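Worksheet: the structure to be examined is printed underneath.
The values are calculated or read from the model by the stated rules, or taken from the named source; none is laboratory data. Computed from a predicted model, the values in this text were never measured in an experiment. Reconstructed Cβ throughout: ideal geometry from the backbone, glycine too, with neighbour counts over all protein chains shown. These area figures cover heavy atoms from the full protein model, side chains too; ligands, DNA and RNA do not enter into them. Shrake-Rupley method; radii C 1.70, N 1.55, O 1.52, S 1.80 Å.
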Amino acid sequence: MDLGCGVGRVISFLGDRAQCYCGLDISLEMVRGAKETYTGKASVFFINGDASLVPFGDSSFDFITCFGLFEYLDNIELYLNEVRRLLKKDGSFIFTVHTEYGSNQS
């Protein structure tokens, strides 16, 4: 699961390591772009939705990524709780959070 997937760039880094990829983004335009780019690729899905209310059951994913989403949120705890709900036991979560300090470095 890739939260805030944008146009699905994470797929290119996964290669054949993922049995299934599901990207979720709140922007319908991003999801449309991702679907156009990866049309016909087996086991690749994109859905439009809010990362705080992911339409999958508990413990659905072994691996969740989230790059460049959390810095735009007012209540990060809501989203982290959703990640905890979605991850299988011993699952992995990789994310980034860009900060104002980091963006101002020379």
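Results, tabulated for the structure shown:
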{"read-out": "Inter-residue pairs, beta-carbon under 7 Å, first farther than 22 Å from residue 11 by Cβ and in the stretch 60-79, second at pLDDT 85 or above and in a strand (DSSP E or B), 6+ apart", "value": "none"}
{"read-out": "Contacts under 8 angstrom Cβ, first residue in the stretch 86-106 being modelled with pLDDT under 95 and open to solvent by 90 Å² or more (accessible area, probe 1.4 Å), partner part of a loop (DSSP other than H, G, I, E, B) and aliphatic (A, V, I, L, M), 6 or more apart", "value": "95/69"}
{"read-out": "Within the stretch 35-74, considering residues that are surrounded by fewer than 17 Cβ atoms within 10 Å (Cβ to Cβ), among the hydrophobic types (A, V, I, L, M, F, W, C) and at pLDDT 90 or above, the one farthest from residue 85 (Cα to Cα)", "value": "45"}
{"read-out": "Filter result (aliphatic (A, V, I, L, M) and open to solvent by less than 40 Å² (accessible area, probe 1.4 Å)) within the stretch 23-34", "value": "24, 31, 34"}
{"read-out": "Single residue of 82, 71, 77, 36 found to be of a type in the set (D, E, K, R) and in contact with a His (Cβ under 9 Å, 6 or more places away or on another chain)", "value": "71"}
{"read-out": "Hits in the stretch 1-43 - residues which are of a type in the set (S, T, N, Q) and more than 17 Å from residue 66 (Cα to Cα)", "value": "19, 37, 39, 43"}
